[in-house]
1. So, of the residues in the stretch 62-75 that are aliphatic (A, V, I, L, M) and assigned to a loop (DSSP other than H, G, I, E, B), which turns out to be nearest to the chain's Cα centre (by Cα)?
2. Out of the residues in the stretch 104-154 that are out of contact with any Gly (no Cβ under 9 Å at 6 or more places or on another chain) and among the polar types (S, T, N, Q), which is surrounded by the most Cβ atoms within 10 Å (Cβ to Cβ)?
3. Filter the stretch 417-455 down to the residues that are surrounded by fewer than 18 Cβ atoms within 10 Å (Cβ to Cβ) and within 16 Å of C177 (Cβ to Cβ), then identify the one that is farthest from the chain's Cα centre (by Cα).
4. Test of understanding: among Q59, Q40, which residue is within 20 Å of E154 (Cα to Cα), touching a residue at least 12 places away in the same chain (Cβ under 8 Å) and in a strand (DSSP E or B)?
5. Could you check, for the stretch 410-417, whether at least one of its residues is under 24 Å from V145 (Cα atoms) and free of Cβ contacts under 8 Å to residues at least 60 places away in the same chain?
6. Among the listed residues V160, V128, V207, identify the single one that is modelled with pLDDT under 95 and in contact with a Ser or Thr (Cβ under 9 Å, 6 or more places away or on another chain).
7. Scan the stretch 155-192 residue by residue and report those that are buried (at least 21 other Cβ atoms within 10 Å of the Cβ), more than 20 Å from N436 (Cα to Cα) and among the β-branched types (V, I, T).
8. Based on this model, can you work out whether T47 counts as of a type in the set (S, T, N, Q) and within 23 Å of V401 (Cβ to Cβ)?
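The values are calculated or read from the model by the stated rules, or taken from the named source; none is laboratory data. Fair warning: this is a prediction, and the values are worked out from it, not measured in the lab. Positions of Cβ are generated from backbone atoms using ideal geometry, with glycine treated the same way; all protein chains shown enter the neighbour counts.
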Amino acid sequence: MSEQAIAFIRNNQAACLAQLKDFLSIPSISTQSEHQADMQKTAAWLTATMEAIGLQHVQIMPTAKHPVVYGDWLNAGPDAPTVLIYGHYDVQPVEPLDLWESPPFEPTVRGDNLFARGATDDKGQLFVHLAAVNALLKTEGALPVNVKFILEGEEEIGSVNLEAFISGHLELLQADCALVSDTPIPSPDQPAIVYGLRGLALFELDVRSAQRDLHSGQYGGVVHNPLVALAHLIAKMHTENGAVTIPGFYDDVVPLDDEEARLLDEQPEAYLAETGARKLWGEAEFSPNARTGARPTFEVHGIVGGYTGEGSKTVIPAAATAKLSMRLVPNQDPDKVAAQFIKYVHQLAPDTVEVAVRRYDWGPAALIDRHDPAVQAAAAAYKKSFGRQPLFVREGGSIPVVTMFQQHLHLPVAMMGFGLTDDNLHAPNEKIHLPNLYRGMEAAIHFLKEYAHRK
């Protein structure tokens, strides 16, 4: 049983918190080159911590950019299942700094929350599993399963080198399931298991009408303003109720079955409260939870062109650019959808401008069998630590590693998150709710025990 390990966690919360603060104090911002040394420092912190816990074969493994940290404990024997635990140690940039109530890399407790960049995404959730393994090894001297850790430093920049790393280390990473904690739960007392993730396709759309910026008095009315042309193109991508108009966009979307529709309806829905939006918008024939988890979308993230500085400058810009994305659902092929979009853009574009589409990142959606032993072990672990059955959720976002584990290692993935939807991921004042952090450590212990029995 796991009573000793659970008691260890409860008796050592202060020590766990101090160690997590040390981890969070390193500014491991993967996208900024000035933090390259901090990335290496964080990898070294992890290796020292993993070795102190008692993990074996701990090593920093280079990639083309930031390293992967690996470690394992394989003494449960060849007949015991193996769990591959994933996390990422890189974090988002912290700007705007003036909106932080305390410095982002000086972890600060206020009430029941710990504030720091990476507190939830993903250092805090990664640390949950290190603490759980430490508790089991310190109290029982062994784990109920074999464990492997793969901790990357590039998730916040798209895991650009992770797929090559995984495909190049297939034997090293062989396991029976993967465990990922990088998702939210609806409330401190209501856990949730994510079993579906949307895919992603990112684009830039360029529109050009002239060789240089033009005086709007001299050329207004005779040269097509590329900002106007771009706005018209974007506006034609949706119907009035939010349906995407790209021909063939929905052809491969698989309708929800009755059980999944019921599961989505059971989830709490608080989009207005969370966002402060005036009113919800989108495909009215689908519930908000279905729209964010089981329906594909087309979004605009930014438009650049012309003059945006202080005061006025009366120019017709030579060119304008929009940054766009699509969130895709299972059975949609990113290559096929991208080709449909590019064809549609060229069909819509007027002959007064030149258009070009650049595609720079993409990945398919992921869907996990809700009845797999790993997912059921996660559900049982949540019930023991939180006292409630988890909801089963299709998440609107994308986690590239889940698809990589499915495609290259053929693993079921249990996604056990412990963060909250208001933890300010990627924003100022990121936090983690400390009661969730500690219950997450207990849930991680229960998961390893439950999976050993179910597999």
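1. A64
2. Once the filter is applied, the top-ranked residue is N113.
3. H453
4. Q59
5. Yes, that holds for at least one residue.
6. V160
7. Across the stretch 155-192, the qualifying residue is only I166.
8. Judged against the criteria, T47 is a match.
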